Amino acid sequence: MDLIQNYEQQYAVLTAEITAQIGRIGTTLGGERNKLIADIDRQLEESQELLEQIGLEIRDIPQASRAGYTSRLNCYQAEWKRLQQEFNNAKTTRAQRGAAGYDSSVDEFDEIGIQEDQKRRLLDNTERLERTGNYLKDGYRVVLETEQIGTQVLQDLNDQRETINHARARLRETDANLGRSSRLLNSMILRALRDKIVLIGVVVAICLVLFLSIYFSISSE
């Protein structure tokens, strides 16, 4: 996210410079004008590459934060298209003036118009910088909110992990208690079975003694 903000700052500075240079196209001639147009072309390409880099970085950020950055990228792309259109209009207007010839009677009015156009562009640039600053502030706020949400989620996960560990410990303890109870119950069953066998043996022995006593009594008579 820091890398995205860095790209956004570079884009804001670059578009401000492009806007100022577009305003100078109407006041330059010859080789200086051609150099200025070439510089603007190069800066437009650089700004487009920055937007592409921002788009690639947005793909790697969490889904929860992606919507805000995508919306800002769409604004940047719309702004870039507007700058491209202004650049094309400035080149076309200057070319039409050159093809129509130079009229000294309107030169003073043209200079006034150029100055007013530059003022307007400077005002537009100032507003654009303010919007970019607001975007950066909103982005920073989104980052802070995302960080807070992430911290809360991690805390909840940690609490759930502790709960699971406690439940697992209680389950192990319950299993151990059940094992001891099972062994004790088996021991009691074996003891009861042994006592029953002993009791049966005693009863059988008593019956046998009684039978022998009766038999010998009858035989002696």
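No value in this document is a laboratory result; all are computed from the given coordinates. Keep in mind that this is a model prediction, so the values were computed, not measured. No Cβ is skipped: glycine too gets one built from the backbone with ideal geometry, and neighbour counts run over all protein chains shown.
In loop segments of segment 1-90 as defined by DSSP, the trypsin sites (Lys or Arg not before Pro) with at most 14 further C-beta atoms inside 10 Å of their C-beta are R59. One chain, two ends: D156 and D2. Fully extended at 0.36 nm per residue, the span grows by 52.8 nm beyond their Cα-Cα distance. Taking 7 Å steps out from each Cα toward its Cβ at V209 and N34 produces label points 13.8 nm apart.
The label point for N177 and the one for D195, both projected 7 Å from the Cα toward the Cβ, are 2.6 nm apart.
I need to check one value: relative contact order of segment 1-100, counting alpha carbon pairs closer than 8 Å and at least 6 residues apart, in percent. Normalised by residue count, the contact order of segment 1-100 is 39 percent. Simple point charges give the picture: +1 on the Cβ of Lys and Arg, -1 on the Cβ of Asp and Glu, and for segment 2-48 a dipole about the Cα centre of about 300 debye.
Take the Cβ atoms of A67 and A169, set R0 to 30 Å, and the FRET efficiency comes out at 0.10.
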